[in-house]
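Enquirer: I have a structure I would like to understand better, so I am pasting it below and will then ask my questions one at a time.
The values are calculated or read from the model by the stated rules, or taken from the named source; none is laboratory data. It should be emphasised that the depicted structure is a prediction, and the values quoted were computed from it without experimental measurement. In this analysis, Cβ positions are derived from the backbone assuming ideal geometry, glycine residues included, and neighbour counts consider all displayed protein chains.
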Amino acid sequence: MAAIRKKLVIVGDDECGKTCLLIVFSKDQFPDFYVPTVFENYVADIEVDGKQVELALWDTAGQEDYHRLRPLSYPDTNVVLMCFSIVTPESLESVQDKWTPEVKHFCPNVPIILIGNKKDLRNDERVRRELTKKKQEEKK
């Protein structure tokens, strides 16, 4: 019996953890270094309710320079992972201001799952100092 094929597209600001999430999910390994994505595909074979599913994972570029390429990823999408970094407040703002309108335009009836990445950095002292400094600068 052939596997069921489904397509997942992941979106979010650059450096919010999209590629890392897909690599960990599909290859069960954490990448050693950051490489900005333009367009990447991965495949994960999973089992859902006793059925084999071939899940095509479409990684998209978060950088504004690639906003014209991203729509090419959307046709035939079954689910969208919309990501933000919990240590970058601007990436959460982008979910509302940029990513939700874009996804709803190109994938109007597709389920969206919101993912907060980089939880491992939540208590990182360096990150906390940077966020505190940024918050103080915003008040000026």
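Enquirer: Could you grab the pairs with beta carbons closer than 7 Å, sequence gap of 6+ or different chains, first residue in region 44-58 and closer than 18 Å to Leu81 by Cα, second one in a strand (DSSP E or B) and of a type in the set (Ser, Thr, Tyr)?
Expert: Leu57/Tyr42
Enquirer: Oh, and also: Looking only at region 80-91, count every residue that is surrounded by 15 or more Cβ atoms within 10 Å (Cβ to Cβ) and over 12 Å from the mean Cα position of the chain (by Cα) and tell me the total. Show your work before the answer.
Expert: Step one: of region 80-91, the residues surrounded by 15 or more Cβ atoms within 10 Å (Cβ to Cβ) are 80-88, 91.
Now narrow it down to the ones that are over 12 Å from the mean Cα position of the chain (by Cα): 86-88.
Total satisfying the criteria: 3.
Enquirer: Among the candidates Asp28, Asp32, Asp65, Asp45, single out the residue that is of a type in the set (Asp, Glu), at pLDDT 85 or above and either out of contact with any strand residue (DSSP E or B) (no Cβ under 7 Å at 6 or more places or on another chain) or at negative phi (or both). Explain how you work it out, then say what you get.
Expert: Details: Asp28 fails: at pLDDT 85 or above; Asp32 fails: at pLDDT 85 or above; Asp65 fails: at pLDDT 85 or above.
After ruling out the rest, the residue left standing is Asp45.
Enquirer: Looking at Glu93, Glu137, which is the one that is closer than 25 Å to Tyr74 by Cα, of a type in the set (D, E, K, R) and at pLDDT below 95? Spell out how you get there, then give the answer.
Expert: Details: Glu137 fails: closer than 25 Å to Tyr74 by Cα.
Only one candidate qualifies: Glu93.
Enquirer: Given the conditions (1) part of a loop (DSSP other than H, G, I, E, B); (2) at negative phi; (3) not aliphatic (A, V, I, L, M), and given that Asp76 satisfies all but one, which numbered condition is not satisfied?
Expert: Evaluating Asp76 over (1) part of a loop (DSSP other than H, G, I, E, B); (2) at negative phi; (3) not aliphatic (A, V, I, L, M) leaves (2) as the failure.
Enquirer: Also, quick follow-up: Residue under question is Asn109, and the condition is that it be surrounded by fewer than 12 Cβ atoms within 10 Å (Cβ to Cβ), more than 17 Å from Thr19 (Cα to Cα) and modelled with pLDDT under 95; does it hold?
Expert: no
Enquirer: Would you mention how many residues in region 62-105 are farther than 21 Å from Leu21 by Cα and in contact with a Gly (Cβ under 6 Å, 6 or more places away or on another chain)?
Expert: Qualifying residue count, region 62-105: 0.
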